[in-house]
Structure formats: structure tokens, C-alpha cells
Amino acid sequence: MKTLSKIHSRIMMRFSAALLLFFALFSCGDKQAENAESASKSAEHAEAEEESGVIELSQAQMNAVGITIGKIEKKNLSSVVRASGQLEVPPQNRAEVTTLISGVVKHIYVLEGNYVKKGQLLATIENPEFLRMQQEYLTTKSNFNYLEKEYARQKELLNENAGTGKVFQQTESNYIAEKARLASLEKQLAQLNVSVDKISEGDFISAIPLVAPINGTIGHILINIGSFADQSKSLMTIIDNSQVHCDLLVYEKDLYKVKVGQKVNFILTNQNNKEIVGEIYGINQSFENESKAIIAHAVIKNASKLGLIQGMYVSALIDIGNQVTDAVPVDAVVKSRGKQFIFLAEIEETQNKEESGEDEQKEEKEEKQDRESTESETEAEDNSGQHYRFRMVEVVTGVSDLGYIEIRPIEEMEEHATIVTKGAFYILSKAEGGKEEEGGH
């Protein structure tokens with residue numbers, strides 16, 4: 001009986017051991033399956049995040065590359081209207097040199113590019129009619145002197161009742177006519193820049209002098225010595241660039257924004273983007289041809305000291321005032337695939353991923369950690385578990401000023417959304433680098 005009892009006891013022990021082994025194997029299989037399922041879900045979640053443009057970084061990673069976050073702000077940014085045009089001079093600062101009497105060019109005293117002052121001699125023209133005009137002036141003046149004395153004598157006789165009224169009237173008529181003729185000849189000679197005093201002394205001038213009507217620089221000279229100067233044609237041009245201004249084309253959509261007195265910043269497009277400052281002083285009230293644009297005239301400050309020349313092309317920014325708008329630092333906006341983006345930041349408190357896979361024995365050990373650590377160490381541990389998820393949001397940008405740029409998100413965002421204010425380019429490179437890596441596989 002004892003032998004049978006021992007055999008039965010051994011059989012039961014072996015059966016119990018086999019049963020325990022079976023349950024242990026079954027339990028391990030369940031845990032492996034759970035771990036595999038958890039890993040699969042994590043991979044699927046990471047893949048979904050990557051496909052949706054979501055990037056996850058820890059606080060330590062952000063500190064290492066200098067990424068900062070903040071809020072979208074309300075900024076009072078300057079608003080501008082972009083325009084283009086060219087430099088012009090007022091009509092009173094541009095002159096065409098002509099002659100009142102046709103003739104043959106005798107002398108030319110200037111060259112193209114010379115600076116001349118008003119009244120300076122430019123050229124001379126010869127014409128026989130000019131000599132006859134001077135002769136006529138002397139004859140008329142001599143007759144006028146005689147008639148003036150005769151008129152005074154007849155008037156005195158009439159007052160003494162010694163003369164007749166008919167003779168006095170005839171003398172008076174001749175006197176007035178000759179006086180008018182003399183005045184006319186004096187005006188004509190003055191227009192030809194001839195001094196009548198010299199002619200009165202018998203000093204005839206053989207050539208008509210052409211003088212500069214304004215101060216400025218000689219442009220094109222269209223005559224040569226010996227050529228015929230026609231009074232209907234320009235002989236040379238003079239340009240005074242000291243009062244140069246800018247004519248800007250402003251299109252219909254911006255007409256209501258542009259006003260007299262607004263500040264303008266010019267950039268000379270063909271002069272190494274040299275920047276100058278001006279102000280709108282006049283706006284035309286009619287369109288230029290069929291361009292649906294009007295000309296806004298802007299005076300340039302210190303134009304005479306800037307060496308500006310008529311005809312230079314400029315690009316201009318017309319300051320039309322300030323406007324309060326949503327704005328972010330310029331570094332917060334990145335470009336990708338021809339579009340512009342900001343990164344929306346979401347703070348996520350995550351558990352240590354390694355802890356989720358540990359057994360109960362490890363959890364018991366972690367519960368027995370030193371509870372006498374300092375408060376700062378505890379806070380550091382909490383921060384180490386803090387992660388940020390970044391998602392790209394497409395935006396349309398507007399005016400830029402003082403290091404900020406206006407943005408208008410394509411999709412609706414929360415009013416106080418947290419965004420990346422610095423280091424957005426790093427996140428973009430990480431996102432695009434991840435996609436390129438995936439494509440490479």
C-alpha cells in the first residue's frame with residue numbers, strides 16, 4: 001500500500017508540474033501577443049502622425065536646437081501699396097532751345113553734358129534780316145525823336161491859340177504811331193537777346209545770340225556749324241535734374257488707398273537697389289491710355305544731392321498707414337513646395353514608453369525610489385516626460401514690418417493657439433527629411 005501511495009503521489013506531483021508549466025506558457029503567449037499588438041498600434045500611430053505632417057519632439061530636443069514657442073500676436077504693422085514708375089522733371093525744368101529768326105549756325109559754344117546757367121551764350125546764328133531789323137530800329141528811333149519834338153511844339157502852339165487843331169491832330173497821330181513802332185522793335189530785339197543801347201551807339205550785331213533759358217545740363221545738340229537753323233525746330237535741349245520727381249503708376253484696385261502727403265520709399269532698380277525717400281504731392285484724375293492706372297507724382301527729398309537722372313526706373317512702396325493684424329515673428333514662417341507654413345504646437349504629457357512594457361516586479365522597484373529628492377529634481381523629471389507635437393498649418397502672408405509678418409491661416413485655428421516662434425526651419429527639415437528617408441526605402 002505504501003508503494004502504491006508513493007507512486008500515486010509522484011504521478012500527482014508530475015501532473016501538477018505539467019499543469020503549472022502549461023499555464024505559464026499560456027500566460028507568456030498572451031503577454032507576447034499583447035506586446036506585439038501594442039507595438040503594432042504604436043507603429044500605426046507613428047505612421048499616421050508622419051503622414052499627417054505631425055512631428056514630435058521632447059523638451060530636451062527643443063532646447064538643444066533653440067526651438068521656442070509662443071502665441072499669435074496682434075501687431076500694428078505698416079501697410080504699403082507697391083508701384084513702379086520712372087523719374088521725371090517738371091516742365092519748367094526742361095527747355096528746348098529754339099530761334100525766333102531762321103539762319104545759318106555760325107558758332108556753337110557748348111558740348112553735350114555741359115552744365116550751363118540761365119543767360120549763358122550757347123550759339124550764334126547769322127541772318128541778313130537781322131541786320132536790316134537793327135537798321136530799321138535806328139531809323140524808327142530817329143523819326144520818333146523828331147515827331148516827339150514836333151508834337152511838343154504843336155501842342156504849345158495850340159495852347160497859345162497860335163496853331164490849328166488839324167495840324168496838331170496829324171502830328172499827334174504820327175507821334176503815337178511811331179512810338180508804338182519803336183516799342184515793338186525794341187521788344188523784338190530784346191527777344192533776340194540784343195541790347196538796343198549798343199545799336200543806338202551804332203554797334204550793329206552781325207549774329208543772333210542763342211542763350212540758355214534755364215540752368216541745367218545740355219542734352220542733345222541737333223545743329224552743326226554751317227547748318228540751317230529753322231525757327232520751327234529745336235536746336236538743343238537743357239534738363240535741370242535738381243527738381244526731379246517720380247511718376248508712379250497706381251492701378252485701379254489701389255486708387256482709394258493712395259493720398260497726397262503719404263510717404264514713399266523708392267528703390268532704383270538699375271542702381272544697386274539704392275533707396276531714396278519721397279512724398280506724394282499730386283495724383284492725376286484720369287487713366288493713362290488703357291492701362292487702368294493713374295499717375296501719382298512724388299517729390300524726392302534732397303533730389304539735387306542724389307545724382308538722379310530723368311528716365312531712371314524705380315520701384316516704390318507707398319506707406320498708406322498702419323493696421324492691426326495677426327502677426328508672428330518672421331522666423332516662424334517657413335516655405336515648402338511653393339507654400340508658406342507655420343507650426344502649431346500641442347503639449348502632451350506622456351508616460352515613459354519603457355515603463356508600459358515592464359512587469360510588476362519593476363513597478364514595485366520604481367515605487368521604492370528615493371522620496372527625499374529635491375523639488376527641482378522632481379520638476380526636471382516631470383519635464384523630461386513632456387513632449388510637443390508640431391503640425392504644419394498653411395498660411396497666407398501679408399505686410400512685414402519690425403521683424404513681424406502678417407499671417408492669415410488657411411484653416412480655422414484656436415484664438416490662443418500655441419505656435420513655434422523660432423526654429424521652425426529645423427522642424428521643417430526634420431519633417432521633409434523623414435519623408436525623403438521613407439521614400440528612399
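The values are calculated or read from the model by the stated rules, or taken from the named source; none is laboratory data. Please read all numbers here as calculations on a predicted model, not as lab measurements. Positions of Cβ are backbone-derived with ideal geometry, glycine not excepted, and every protein chain shown enters the neighbour counts.
Points worth noting:
- Here Gly66 fits the description: in contact with a strand residue (DSSP E or B) (Cβ under 7 Å, 6 or more places away or on another chain), within 30 Å of Ser429 (Cβ to Cβ) and exposed (fewer than 13 other Cβ atoms within 10 Å of the Cβ).
- Checklist (1) part of a strand (DSSP E or B); (2) at pLDDT below 90; (3) under 30 Å from Val420 (Cβ atoms) applied to Ser315, failing item: (3)
- When we screen Asn161, Asn145 for residues that are on the phi > 0 side of the Ramachandran plot and either at pLDDT 90 or above or surrounded by fewer than 16 Cβ atoms within 10 Å (Cβ to Cβ) (or both), the only hit is Asn161.
- Test for Ile218: is it part of a loop (DSSP other than H, G, I, E, B), modelled with pLDDT of 90 or more and surrounded by 15 or more Cβ atoms within 10 Å (Cβ to Cβ): no
- With respect to being over 24 Å from Lys118 (Cα atoms), touching a Phe, Trp or Tyr at 6+ places or on another chain (Cβ under 8 Å) and touching a residue at least 24 places away in the same chain (Cβ under 8 Å), Glu186 falls outside the description.
- Residue ID - modelled with the lowest pLDDT, chosen from residues in the stretch 391-431 that are surrounded by 14 or more Cβ atoms within 10 Å (Cβ to Cβ), over 29 Å from the mean Cα position of the chain (by Cα) and over 12 Å from Phe341 (Cα atoms): Ala431
- Residue match in the stretch 123-130 (condition: at pLDDT below 90, part of a helix (DSSP H, G or I) and surrounded by fewer than 18 Cβ atoms within 10 Å (Cβ to Cβ)): yes
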